[in-house]
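Colleague: Below are the structure tokens for one structure; questions will follow.
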């Protein structure tokens, strides 16, 4: 079974631009979560989507947004990029079942550099 | 809110045993996860605890005490490839659906020959 895939793997943008990142979950997984990872703050939760609806949201400004499609693929968008947005953006998928042991599996991440 | 603490860095010797501690404060606790992350790679799942006690999986074991808000990851027979960051993460139930995982900042484990 294929794992979580993310595209692109690397991206360089300049301040003020916007960017869209893509994530394809493991087949059969309906929940997709996005995380930002930086050396100073570690892994921070951005948002989670399930069945095309945002289910949870972390403490990030409105410049960060996302969506999920009917095939469970997800995109996240960052508008008006700032230097501090440089980070590794990780996508994780899980089945989305109500049971507790619903493990998240991470994709390889997209390394975003803002100049 | 949630708060998770774990040591920033630890050093251990090949073949030895190391214990990585994690303490947390949260409401609506719904499980604790440990992930391993090698430099430049994605986190990979190691273990899951939701009830008190020890979960053993090969060279890796994880322990949970919900009353103390405490967990540890125990690595036995250390190998050089175990050099990585180890992330403790807590899931909390908010009532509207399970929250996303809250991660600690990770413990960078260095294995020396």
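Colleague: Of all residues in segment B:19-44, count the ones that are within 13 Å of another protein chain (Cβ to nearest Cβ) and surrounded by fewer than 15 Cβ atoms within 10 Å (Cβ to Cβ).
Modeller: The total comes to 6.
Colleague: Condition first: surrounded by fewer than 17 Cβ atoms within 10 Å (Cβ to Cβ) and in contact (Cβ under 8 Å) with a residue 12 or more places away in the chain. Now tell me which residues in segment B:51-60 satisfy that.
Modeller: B:51, B:52, B:59 - these are the residues of segment B:51-60 that are surrounded by fewer than 17 Cβ atoms within 10 Å (Cβ to Cβ) and in contact (Cβ under 8 Å) with a residue 12 or more places away in the chain.
Colleague: Shifting gears a bit: Considering only segment A:23-68, how many residues are surrounded by 15 or more Cβ atoms within 10 Å (Cβ to Cβ) and either over 14 Å from the mean Cα position of the chain (by Cα) or in a loop (DSSP other than H, G, I, E, B) (or both)?
Modeller: Final tally of qualifying residues: 7.
Colleague: I've got another one for you. Filter segment A:1-22 down to residues that are farther than 17 Å from residue A:66 by Cα and not in a loop (DSSP other than H, G, I, E, B) and give me whichever is farthest from the other protein chains (Cβ to nearest Cβ).
Modeller: Ranking the qualifying residues of segment A:1-22, first place goes to A:13.
Colleague: Has segment B:96-107 got any residue that is on the phi > 0 side of the Ramachandran plot and touching a strand residue (DSSP E or B) at 6+ places or on another chain (Cβ under 8 Å)? Give the steps one after another, and end with the answer.
Modeller: So the first thing to find is which residues in segment B:96-107 are on the phi > 0 side of the Ramachandran plot, and the list is B:97, B:106.
Still in the list and also touching a strand residue (DSSP E or B) at 6+ places or on another chain (Cβ under 8 Å): B:97, B:106.
Yes; the residues of segment B:96-107 include at least one that is on the phi > 0 side of the Ramachandran plot and touching a strand residue (DSSP E or B) at 6+ places or on another chain (Cβ under 8 Å).
Colleague: Take residue A:84 and tell me if it is on the phi < 0 side of the Ramachandran plot and loosely packed, with under 13 Cβ neighbours inside 10 Å. Working first, answer last.
Modeller: Values: on the phi < 0 side of the Ramachandran plot: yes; loosely packed, with under 13 Cβ neighbours inside 10 Å: yes.
Criteria met by residue A:84.
Values in this text are rule-based calculations from the coordinates and carry no lab data. As the structure is a prediction and not an experimental result, all values here were calculated from the model. Ideal geometry is used to build each Cβ from the backbone, glycine not excepted, and the neighbour counts take in all protein chains shown.
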